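As structure tokens, the structure follows; a few thoughts come after it.
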Amino acid sequence: SPDPDANAPPEPTLAAIARDLQSCRRCPLYRNATQAVPGEGPADARLMLVGEQPGDQEDLAGRPFVGPAGRVLDAALEEAGIDRSAVYATNTVKHFKHELRGKRRLHKRPNASEIDHCRWWLDLELKLVRPRLVVALGASAARGVLGRTVAVNASRGLPIESPDTPPVLVTVHPSYLLRIRDRDDAERERRRFVEDLQRAGAWV
Ligand code: URA
């Protein structure tokens, strides 16, 4: 019988990436995660959103941005007039990094090495989707996309252009908004986040 791979396209597909991610052993984070969480959205999306890593709920569901940070993101996208279903959303690191505190799984920031190892996947996604603009949600995402550390507040709001990537608009991570205790501060930061997304929407 014919080899089923003989006619496989030379370019990987998003479906192939989602499948192959499940056997990724490039860094140790797969050991404690339920599954790898692939990106989601149209393969020809003009706008790509990059988060940090799956959270507790994303790890269980196998889908990005379905937990509390995802709800903040969805509301902000809607307020910015961006149709989430037209956006490709993914994470810098595809496995949930956490530590156990009793029964709770507490998020732990991925380190630079984990981010850099996982760039293998992010680069494939960038080559396939070829978005007009990438929105990096927070410092981990900025490092994942740009391959170097940038200060979020100093680079915020105006797309960073480089020969190696699509323009990258850096903003805060939605879970940062969830951690602000003061109501006025939280509202002001939320507005700034929506404005960054509006700028992204206007760009694409
Ligand atoms: N935070 C992220 O960065 N990504 C998710 O998918 C969920 C929460």
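The numbers here are math on the coordinates, done by the rules we state, and not lab data. The model shown is predicted, which means the values in this text are computed figures rather than measured ones. Backbone-built Cβ (ideal geometry, glycine too); neighbour counts: all protein chains shown.
Worth pointing out:
- Counting every alpha-carbon pair across segment 62-128, the share separated by more than 18 Å comes to 53%.
- Mean Cβ count within 10 Å, highest first, over the residues of peptides 157-166, 90-99: 90-99, 157-166
- Helix 68-79 axis, angle to the chain major axis (alpha carbon atoms, nearest 10°): 70
- Under-5 Å amide H pairs with Val170, H placed in peptide plane, nonlocal only: Ala136, Gly157, Leu158, Ile160
- Karplus-based coupling profile of segment 98-111, in residue order and whole Hz: 7, 10, 7, 10, x, 8, 7, 9, 8, 3, 10, 4, x, 8, with θ = phi - 60° in 6.51 cos²θ - 1.76 cosθ + 1.60 and x standing for Gly or Pro.
- Principal semi-axes in Å for segment 100-147 [√(5λ), Cα gyration tensor, largest first]: 26, 11, 11
- Cα gyration tensor shape of segment 1-114, rounded if a/c is under 1.5, else prolate or oblate by comparing a/b with b/c: oblate
- Partner lysines whose Cα lies under 26 Å from the Cα of Lys108, excluding those fewer than 8 positions away in the same chain, are identified as Lys94, Lys97.
- Working note: Karplus 6.51/-1.76/1.60 with θ = phi - 60° gives segment 116-122 the couplings 5, 5, 6, 4, 3, 6, 4 Hz, where Gly and Pro are set to x.
- Charge tally in the Cβ shell below 11 Å around Ala136, where Lys, Arg are +1 and Asp, Glu are -1, Ala136 excluded: 0
- Prolate/oblate/rounded label for the chain (Cα gyration tensor, a/c 1.5): oblate
- Considering only Pro159, Leu47, Leu137, and ranking their Cα positions along the charge dipole of the chain that arises from unit charges at the beta-carbon of Lys, Arg, Asp and Glu, the one farthest toward the positive end is Leu137.
- For the chain, the share of DSSP beta bridges that are antiparallel, to the nearest 5, is 30%.
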